[in-house]
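What follows is a short report on a single structure.
The values are calculated or read from the model by the stated rules, or taken from the named source; none is laboratory data. Predicted, not measured: the structure shown is a model, and the values here were computed from it. Neighbour counts run over all protein chains shown; Cβ positions are idealised from the backbone, glycine included. Side chains included, ligands, DNA and RNA excluded: accessible areas come from the protein's heavy atoms. Shrake-Rupley method; radii C 1.70, N 1.55, O 1.52, S 1.80 Å.
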Amino acid sequence: MKVLVLFGMVAFALSAKLGSNTVFDDEEDITEPPKPYNFGWAVMDKNTTNYQNRAEIGDEDGRVKGSYSYVLPDGFVYTVTYEDKKDGNGLVQTLRKEPSGIDVIIPTPKPREPISKGIKRFL
């Protein structure tokens, strides 16, 4: 049975038109224009000082505009804004760095057991 399926697949592949870019030459282009959208989210966790957000909008012409921000361990909030006006300049972005006023919590790493000790335990 497997051999018959394999022969059928090979026969189908060989019967395809050679030199054609696509198997569906006669079908219309079904690419739809961009649809307007918007989204956003935010994280504000005081226990871990995890602060970040993102927002974006897009219109029916494919133009996109948005921003995202995050607080890094240096205590600054970094905000990136970006926009693609579909004017040939591509995605234009800017970065802004400002003091956040947040005392960032940096967790102390737990000491790790050497690998050799863990291996001996299982031997």
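In the set Met44, Met1, only one residue is modelled with pLDDT under 60 and either over 30 Å from the mean Cα position of the chain (by Cα) or more than 28 Å from Gly90 (Cα to Cα) (or both); that residue is Met1.
If I ask for residues that are open to solvent by 100 Å² or more (accessible area, probe 1.4 Å) and without any contact (Cβ under 8 Å) to a residue 40 or more places away in the chain, which ones from the stretch 92-106 would you list? It would help to see each step written out before you state the result.
Step one: list which residues in the stretch 92-106 are open to solvent by 100 Å² or more (accessible area, probe 1.4 Å), which gives 93, 95-97, 99, 103, 106.
Result: Gln93, Leu95, Arg96, Lys97, Pro99, Ile106.
All of (1) under 29 Å from Thr108 (Cβ atoms); (2) at pLDDT 95 or above; (3) open to solvent by 100 Å² or more (accessible area, probe 1.4 Å) hold for Tyr78 with one exception: (3).
Selection of the stretch 54-74 for residues being open to solvent by 60 Å² or more (accessible area, probe 1.4 Å), under 14 Å from Ile102 (Cβ atoms) and not in a loop (DSSP other than H, G, I, E, B) yields only Tyr70.
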